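The values are calculated or read from the model by the stated rules, or taken from the named source; none is laboratory data. Quick caveat: nothing in here was measured; it's all calculated off a predicted structure. Heads up, the Cβs are rebuilt from the backbone with ideal geometry, glycines too, and the neighbour counts pull from every protein chain shown. Areas reflect the complete protein model, heavy atoms only, side chains present, ligands, DNA and RNA absent. Shrake-Rupley method; radii C 1.70, N 1.55, O 1.52, S 1.80 Å.
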Amino acid sequence: MYDVEAADEGFHTKGYIFRDGCVYRIVVGSSNMTLSALTRNKEWNTKIVSTEQGEYADRVLSEFDDLWGSSNAKDYDEFIDDYRVRYEVIKKQKEIAKAADIPSLEAYKLEPNMMQVGFIKNLRALVAAHDISPEKDEPCRALLISATGTGKTYASAFALRDEDPKKALFIVHREQIAKQAIASYKKVFGDSHTMGLLSGTSKEYDSDFLFSTMQMMAKPETLGRFRRDEFDTIVIDEVHRAGAESYNRIMEYFEPKLWLGMTASPERPDGFDVFDLFDHNIAYEIRLQQALEEDLLCPFHYFGITDMTVDGELIDEHKDFAHLVSDDRVSHVIREAKYYGHSGDRVKGLIFCSRKDEGRELSRKFNERGYRTDFICGDDTQEKREECIERLTADGTGNELDYIFTIDIFNEGVDIPEINQVIMLRPTQSPIIFVQQLGRGLRKAEHKEYVVVLDFIGNYENNYMIPIALSGDRSYNKDNMRRYVAEGTRIIPGSSSVHFDEVARKQIYKSIDSAKTNTIKVIKDSYLNLKNKLGRIPDLEDFEKYDAIDPLKIFTKCGSYYNFLKTIKEKDYHIELTDAEIKILKFISCKFAVGKRVQELELLDIMLEHKDDLMSRLEKVLYKKYGMNLDEESKASIIRNMTNQFVEARYRKNFKECVFIKSSKEGEYEIASGFADVLNNRAFYSMVKEVTEFGIRRYEIGYSTRYKDT
């Protein structure tokens, strides 16, 4: 199967290729493979009989091979599995809609998206594997990691309908989110199950599906009303909060058959391991970049705008309150908001501020300028929040809001698809919070073509986090950050765009230059997030595969991955190397693994399997893999690097153990005895192989013209 949308090109091939030995029979034309087409209809086709060397056959087969090997070609079995799940979900959805007293057209049209199909399929497999495992008396645990706006709630509803629990519990952290979840579940289940709300304002205990706030369910008197096995399935929304004591109380009490956790951002700054809580069973994962590629989100147009200057200096974290809410700043924000506009007839915007007093005062000043705005935060009642959202989204009431000012309560969970403009009037605190706030505008809605995001950039220390958040690149590689600032629109998927004005761009570059991205704390936090996700110590390849911190930062800071694990006192790491092995590993990691030169890396890779004739072997490998000829100058450079013949004496002294080869006969080299001896240590051998393969991959991606052109 071929994904035409992903390929972004036309695809209307109709042809059949039959091979009999060396002879090909190729039929190209309008016919479908049906009885009528082949026996009765008038169909125009061309049939060619040719050997593989024939020009026509050669071109057809070449085109077919390109299509077959394309990244947009889908595995047949995977396609059929996905199609089967989608078909079953849609069929059940139509049955639910028809069974209602008044058939719901909205429910009838409800279909699972790509993420939801993949999640249902994977969850089925997890549950089935758990049911036949020796530990099946323990609950099955599964984690859904899905970008804001991709449909986590509907995904859980489709999955629960698939699992068919008699009773289920859905836990949220705000009553408003529970109400929205109930509305979504009713569209999926119709009247087949009763649904109740348990919160500070509602006490509907007796329901098939109970939607409860965490605060209410965690109370001892509430837990006491339910048996431990009361619910077959328990869903925890925004499960990255589950490190709190109240969530622990709930999870320690109940004993369901299935725990399902959902979040857009499982990584936590306090180190709590959400992945371990769910046995590292990731049922599905889709982050912002992939969600944009799959067209699951509304396109956004991001504009990094210079914030106001005071006495010739940009606003920073330390400016007085008076400057943050000055008339000049209000005029500046309004002017830019009007200039960049929004999708739709009227603005329906969210404005994120740094402080409560700032939000309240800015709201007041906007109202003085003729806008209709309000400020809400965690201190406000549920009723006020719902009223503000209703006023923001409703049309034609005469009481609409243009903007809601806030500081924190819309970072996650609340579903307001109608938002068409997001304004950020605060420093970027972290990439996670940035994406959460950006995500408020990414839900699709009728008559909404895109969302405009205005980020007012001052002289903030954390500006370097903006390209990290927008790109999803967590490598903390400064060159990658700069590249994204310069080329964001070209890099970001789909029809979204990223723009920075000249001053804002300079502020971000300044922040990137001064950012301390290779501290032990930064590296360790990234490492622990990846380890938590995998449930084991990561390999170097894992850092690349899962977009974690660039391992080169580990090498630069600690000398080698081994040294890093020892530096942080990794409790699960028990390998010990000799001083000589440590020096050699540091030398390879710091001098070769950057991947700028592949010759030494390929030579090391050869030495892991062969002991002699090293230069002739290297010459063949370099030509076969890279089309590279090994001239005398290059050979002399390799020999210097591999025999500790450095110009500076201090390098020769510090790395005296790093002699990898020795001459054996005229023009040839073999492995040095000292290096051969340490390779007998299988743990050390594996480390050398791992860092060598890492360096070769770096060369192929970053420096090889052959790989850049493919």
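For the cross-link pairs Lys516/Lys553; Lys365/Lys448; Lys152/Lys444; Lys109/Lys187; Lys625/Lys665, the ones whose C-alpha atoms lie over 20 Å apart are Lys365/Lys448; Lys625/Lys665. From largest to smallest, the equivalent ellipsoid semi-axes obtained for the range 490-570 from the alpha-carbon gyration tensor read 30, 18, 10 Å.
On average over all directions, what projected area in square nanometres does the range 338-391 have, based on the convex hull of its Cα atoms? The partial results should precede the final answer.
On the way: hull surface 18.2 nm².
Answer in nm², one decimal: 4.5.
Summarised as an ellipsoid, the range 322-448 has semi-axes of 20, 18, 16 Å, derived from the eigenvalues of the Cα gyration tensor scaled by 5 and square-rooted, with the largest first. Gain on full extension, evaluated as 0.36 nm per residue between Glu293 and Tyr16 minus their Cα-Cα distance, stands at 96.6 nm. Taking Glu502, Glu666 and ordering them by how much accessible surface each has at a 1.4 Å probe, largest first, produces Glu666, Glu502. Helix 175-189 and the longest principal axis of the C-alpha atoms of the chain enclose an angle of approximately 80°.
Annotation: per residue accessible area for the chain equals 49 Å², rounded to a whole number [probe 1.4 Å, protein chains only].
Of the accessible area of the range 295-405, with the probe set at 1.4 angstrom, what percent is carbon plus sulfur?
Numbers: 2200 of 5100 Å².
That share works out to 43 percent.
Ligands, DNA and RNA aside, Asp164 has an accessible area near 100 Å² when probed at 1.4 Å. Shown here for the range 458-548: trypsin sites (Lys or Arg not before Pro) in loop regions (DSSP other than H, G, I, E, B) with at most 15 other Cβ atoms within 10 Å, namely Lys516, Arg536. For the range 152-292, the square roots of the Cα gyration tensor eigenvalues, ordered a ≥ b ≥ c, give a/c of at least 1.5 with a/b no greater than b/c, which places it in the oblate category.
Atom-type composition of the exposed protein surface of the range 142-276 places 46 percent of the accessible area on carbon and sulfur (1.4 angstrom probe). From the alpha carbon centroid of the range 660-702 to that of the range 165-211 is 61 Å.
Just the number, please: Stokes-Einstein D of the range 260-352 in µm²/s, Kirkwood Rh from C-alpha pairs, 37 °C, 0.692 mPa s.
Values: Rh = 17.8 Å.
Calculated translational D: 184 µm²/s.
Legend: residues Ser673, Ser326, sorted from most to least accessible area (1.4 Å probe; ligands, DNA and RNA excluded), read Ser673, Ser326.
Tally Lys/Arg at +1 and Asp/Glu at -1 over every other residue whose Cβ is under 13 Å from the Cβ of Leu577; what's the total? Could you put the intermediate results ahead of the total?
Values: positive: Lys566, Lys583, Lys586, Arg682; negative: Glu576, Asp579, Glu581, Glu657.
That sum, taken over residues with Cβ under 13 Å, equals 0.
Please report the accessible area of Met217 (heavy atoms, 1.4 Å probe, ligands and nucleic acids excluded) in Å², nearest 10. Its accessible surface works out to 0 Å², give or take rounding.
Which pairs in the list Lys521/Lys571; Lys203/Lys257; Lys653/Lys689; Lys596/Lys689 are over 22 Å apart, alpha-carbon to alpha-carbon? Don't jump to the answer; show the numbers that get you there.
Numbers: Lys521/Lys571 17 Å; Lys203/Lys257 25 Å; Lys653/Lys689 25 Å; Lys596/Lys689 18 Å.
Beyond 22 Å between Cα atoms: Lys203/Lys257; Lys653/Lys689.
Taken along its three principal axes, the alpha carbon spread of the range 585-708 comes to 37, 33, 30 Å, from the longest extent down to the shortest. Within the assembled protein chains, the solvent-accessible surface assigned to Asp479 is about 90 Å², based on a 1.4 Å probe.
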